[in-house]
Ligand code: AP5
């Protein structure tokens, strides 16, 4: 049984498995996944002003400025489908974003219930990013070695075409990791100080990580 509302933050480096796990939990818990990276990519596909602005940062592996990102999340959280809570994937990524999220939720009479930190060493992260394939149609995530599609290049779920993200090429991925350690690692300490952090060993199989996350969520939900 889920609490009245459940806002869960996913933390972890690029390739740690945030998106993979958020998608699994979205189905199982009926909570919406809000991925700031996916929203930026959708805007980019639509060639909106926000998408073109985000592209100039994403192409280099840098973070989109806090003001732009927070305004986008504020707008998304105002929709009725977030009333029960959400799985926040890729946001917050700076301490300023974490503080802004606390304020946004407080204005709605809500709060972050739990932060799930997927810990994975660097060498594994780069291997995961270089083998990742994503469905252009439904966003399902695959990996050449760890979770291959049944037919190469085709989504098992919807038959859509699979593609590789331009920011997964090695130089950009390495910069994303640098940016993560400089700007996002302090967010781990921020939530730890608040007593909201649960660290999960992200090197386990996708199924094992999923079970560990369900256990952690179940403990919070019962409080
Ligand atoms: P975003 O799209 O959020 O990318 P990211 O945080 O870098 O995370 P990834 O999507 O790369 O990794 P993931 O942890 O979701 O891993 P996944 O599950 O796919 O952000 C992109 C850009 O947008 C940023 O660089 C920035 O410019 C901008 N942006 C976004 N949010 C922002 C914000 N808040 N502020 C400012 N700018 C922002 O898994 C990776 C691969 O590994 C897959 O192939 C998967 O199949 C495989 N895998 C997953 N789990 C396992 C496992 N347990 N075992 C084996 N393989 C696994």
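Sub-7 Å Cβ pairs linking a first residue in segment 178-207 that is under 15 Å from residue 91 (Cβ atoms) to a second residue that is in a helix (DSSP H, G or I) and within 11 Å of the ligand (Cβ to nearest atom), at least 6 apart or interchain, are 187/98; 190/98, ordered by first then second residue. It is to be established whether one or more residues within segment 64-78 are touching a helix residue (DSSP H, G or I) at 6+ places or on another chain (Cβ under 9 Å) and under 22 Å from residue 170 (Cα atoms). Scanning segment 64-78, I find at least one residue that is touching a helix residue (DSSP H, G or I) at 6+ places or on another chain (Cβ under 9 Å) and under 22 Å from residue 170 (Cα atoms), so the answer is yes.
Selection of segment 15-30 for residues being more than 16 Å from residue 211 (Cβ to Cβ), near the ligand (Cβ under 10 Å from one of its atoms) and more than 9 Å from the chain's Cα centre (by Cα) yields 15, 16. Would you point out the residue of segment 137-152, among those that are closer than 20 Å to residue 26 by Cα and out of contact with any helix residue (DSSP H, G or I) (no Cβ under 9 Å at 6 or more places or on another chain), that is surrounded by the most Cβ atoms within 10 Å (Cβ to Cβ)? Result: 142. Out of the residues in segment 17-46 meeting the condition of being touching a residue at least 60 places away in the same chain (Cβ under 8 Å) and touching a helix residue (DSSP H, G or I) at 6+ places or on another chain (Cβ under 7 Å), tell me which one is surrounded by the fewest Cβ atoms within 10 Å (Cβ to Cβ). Result: 24. Taken as a whole, the structure leaves residue 157 outside the set of residues that are surrounded by fewer than 15 Cβ atoms within 10 Å (Cβ to Cβ), in contact (Cβ under 8 Å) with a residue 12 or more places away in the chain and near the ligand (Cβ under 9 Å from one of its atoms).
Each reported figure results from applying straightforward, stated rules to the coordinates on display, with no laboratory input. Worth saying up front: this structure is predicted, and the values here are computed from it rather than measured. Glycine gets a Cβ as well: all are built from the backbone with ideal geometry, and neighbour counts include every protein chain shown.
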